[in-house]
Amino acid sequence: MSVSISSPARKGPKPGRGVLLLAGLIAGILGVQRAEAQPRPVFDLEVNRTGAERVVVSLDPLDVDSPVEGAQEAAADLAGRLLRDLIYSGWVGVLTPLPDGVEIPGPLPGAGRTDEESRVGARISLRLSGVRPDQMVWEARLVQVEPRSQLLGKRYVIEMGTSPRQVHHLADQIVRELTGEAGIAQTRILFSRKVGTGRELFLVDYDGEHLRQITRNGSLNLVPRWSPDGSRICYTSYWKGRQRLLVLEGATGKSRKIADYRGLNLGASWSPDGTELVVTLSRDGNPEIYRILPTGKVLQRLTFEPSIECSPMFDPTGHQVVFTSDRTGVPQVYVMDREGSRRRRLSLQGRYNESAAWSPRGDRIAFVSRRNGRFQVFVVAPDASELRAVTGAEDGNNEDPAWAPDGRHLVVSSDRDGQRRLWVLDVDSGFARPLTNGAVDDNGPHWGPPPVAPSADPTRRNR
Amino acid sequence: MFSSQNLRRFGGIVLWTALASVVVFAGCDRGKESVATDPTGEDVLGRSGDDLEDVTLDQDPFGSSGEQTDAGAIDAEDLTDSATEVDLQLEDVFFDYDSFELDATDRATLAANARALRAHPEMRVTIEGHCDERGTVQYNLALGEKRARETKRYLVSLGVSGGQLDIVSYGKERPFAVGEGDAIWSQNRRAHFVQQLPPLR
């Protein structure tokens, strides 16, 4: 397995200071000021994406200053959750042993912790104070060890006894500060779960907490897909024995119909700017791929084959569409441009390749491939090179891959422990953890954007 | 690359703060810069709090409490098979793995179904396409569609009115039998006939 090692701090000014100064001016106008113009060291992990590169952090002894009963335990709980978020980013390792009372809730990767103090790149200092359990003050500082300087300081008001979102916010800030990578701790995953004879849509935080049901219509609700800004969800539902596409507005909690063409109304994928969808319809007599508006109006039919054409998804630029076709007699993954031309085949091995998902970074595509009678997840570069298995024979069946905004983690549905449930896979390190639990039947996951989605920007794709 | 990255990063912070309705503490506008520029770093862990940025999170658009009990509600409809006055006794047809071809047995079954449907032109029927659990959600939904459509096409070729026949695909989402092995799977690869309610008289 991989080993935790720290990366050398990079000194000197970063490019783009003019932009920073301009942004600082804007921030100042808005009454916010941060010392962003200071040249700051960054632990540059992008040079080597082996999955084993991690910035190692240590946690100082907790500082608790409160007469509130349980404050000490609450501080330890917050610290443990914060460290778990950092480890789950894939970019950060944690020095062990931890300060008294702090435990990191599992499951954790074997390589997420280290006991070598010499490798610590930054220290985290946490303080909990306050006299009211519902208004505790949580302060956090991130201090680089060498050269010694404060990288980040945050203060939050939190309610004790909850699993506050502020922990996830802080974790993302720390990951970004240390690595330049956008964290995923504030993201959520949307999926379809069997309920009675139907399926309903559910949401769960990226760490498996905060499960909630978001549809209750007793029908089959399938393959939900977030809009790029996270404000809307397009999904397939059945009504009066017909399939149709609905859009659920987050602001109102109401769904409206956008397409109920005769036959299939399936597999919507939003364009990166949220103005269009690619879908599978069979209104012209056969499953084919179309671009439509969010109103349901058909803009263009993209495929004209007598075979099955399905599972379309835009690339992060919106210029290309990856999809499945069985024009050769078996399903294979293809890429075409958004007008339907310049088609090329992406999956070159195997006789069942499906469910392609283009990474938000643009640099790789995950898909499902049947191997020896089981379904496994593979990744491949957009030029069909660098094919690599993410799951193997010992992992059961693995389907429905969907990328996290970081382009590093996948959520899949897998029956590896006997139940069809969701798992999160770190494609770079190989770490896998169950996302949902219990006797469930889950499928069709889709990973949502962070509250503000810098990593959804397709221009940031160079690695 | 770096400049756009930093701009976005800062844009994010501006947006976050703009969205935050309340900044609880004063003091955002002082302190941090002098602390950060201190070359010795001695004051870095000072307890004054001047080096801290207050953060208030904005509302989660999909709610964090899961209280949207009517979310996604559609008109209450009984989606289960309904009792009808005439039972046409339509038999299902079955398919090979990843196939929508009708074999001789299926054609014989559909010939009998066609006779019943022609005898009751007032009856409407939904043909459901189903698949076994092997394979992906979307491809199986498309395959189930092909099975239902091929079944309808053959019935129409035998003289049944296309207006009597609706089709829908359930893919692998509504299996008839649960488990592994071809004895189970073969039962789930089918076109299933469901009679609709007769029209009001």
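Quick one: how many residues across the stretch A:240-280 are at the interface with another protein chain (Cβ under 7 Å from one of its Cβ atoms), among the charged types (D, E, K, R) and outside any loop (DSSP other than H, G, I, E, B)? Number of matching residues: 1.
For residues that are away from chain A (no Cβ under 11 Å) and outside any loop (DSSP other than H, G, I, E, B), scanning just the stretch B:151-161, find the one that is nearest to A:Arg370 (Cα to Cα). Restricting to residues being away from chain A (no Cβ under 11 Å) and outside any loop (DSSP other than H, G, I, E, B), the top hit is B:Thr151. Of the residues that make up the stretch A:280-293, is at least one among the charged types (D, E, K, R) and closer than 21 Å to B:His130 by Cβ? So far as the stretch A:280-293 goes, no, none of its residues is among the charged types (D, E, K, R) and closer than 21 Å to B:His130 by Cβ.
Being within 20 Å of the chain's Cα centre (by Cα), under 20 Å from A:Ser89 (Cα atoms) and surrounded by fewer than 23 Cβ atoms within 10 Å (Cβ to Cβ), is that true of even one residue in the stretch A:155-163? Among the residues of the stretch A:155-163, at least one is within 20 Å of the chain's Cα centre (by Cα), under 20 Å from A:Ser89 (Cα atoms) and surrounded by fewer than 23 Cβ atoms within 10 Å (Cβ to Cβ), which makes the answer yes. The residue of the stretch A:345-401 that is modelled with the lowest pLDDT, among those that are under 14 Å from A:Ser414 (Cα atoms), surrounded by fewer than 22 Cβ atoms within 10 Å (Cβ to Cβ) and aliphatic (A, V, I, L, M), is A:Ala393. Quick one: is A:His210 without any contact (Cβ under 8 Å) to a residue 24 or more places away in the chain and outside any strand (DSSP E or B)? No, not satisfied. Filtering A:Leu30, A:Leu45, A:Leu62 for residues that are in the same structural domain as A:Glu159 (by TED's automatic domain parsing), farther than 15 Å from A:Gly121 by Cβ, of a type outside the set (Phe, Trp, Tyr) and modelled with pLDDT under 50 leaves a single hit, A:Leu30. So for the stretch A:353-360 (the condition being under 22 Å from A:Val223 (Cβ atoms), part of a loop (DSSP other than H, G, I, E, B) and in contact (Cβ under 8 Å) with a residue 60 or more places away in the chain), does at least one residue qualify? Checking the stretch A:353-360: at least one residue is under 22 Å from A:Val223 (Cβ atoms), part of a loop (DSSP other than H, G, I, E, B) and in contact (Cβ under 8 Å) with a residue 60 or more places away in the chain. Only one of the listed residues (B:Arg134, B:Arg118) is over 18 Å from A:Pro287 (Cβ atoms) and within 14 Å of chain A (Cβ to nearest Cβ). That residue is B:Arg134.
Screening B:Arg174 with (1) of a type in the set (D, E, K, R); (2) part of a loop (DSSP other than H, G, I, E, B); (3) buried (at least 21 other Cβ atoms within 10 Å of the Cβ); (4) within 10 Å of chain A (Cβ to nearest Cβ) gives one miss only, at (3).
Which of the residues belonging to the stretch A:420-440 are within 14 Å of another protein chain (Cβ to nearest Cβ) and surrounded by 17 or more Cβ atoms within 10 Å (Cβ to Cβ)? Give the steps one after another, and end with the answer.
We begin by selecting, within the stretch A:420-440, every residue within 14 Å of another protein chain (Cβ to nearest Cβ); these are A:420, A:422, A:439.
Hits for the stretch A:420-440 are A:Arg420, A:Leu422.
The values are calculated or read from the model by the stated rules, or taken from the named source; none is laboratory data. All values reported here derive from a predicted model rather than from experimental measurement. We place every Cβ from the backbone using ideal geometry, glycine too, and count neighbours over all the protein chains shown.
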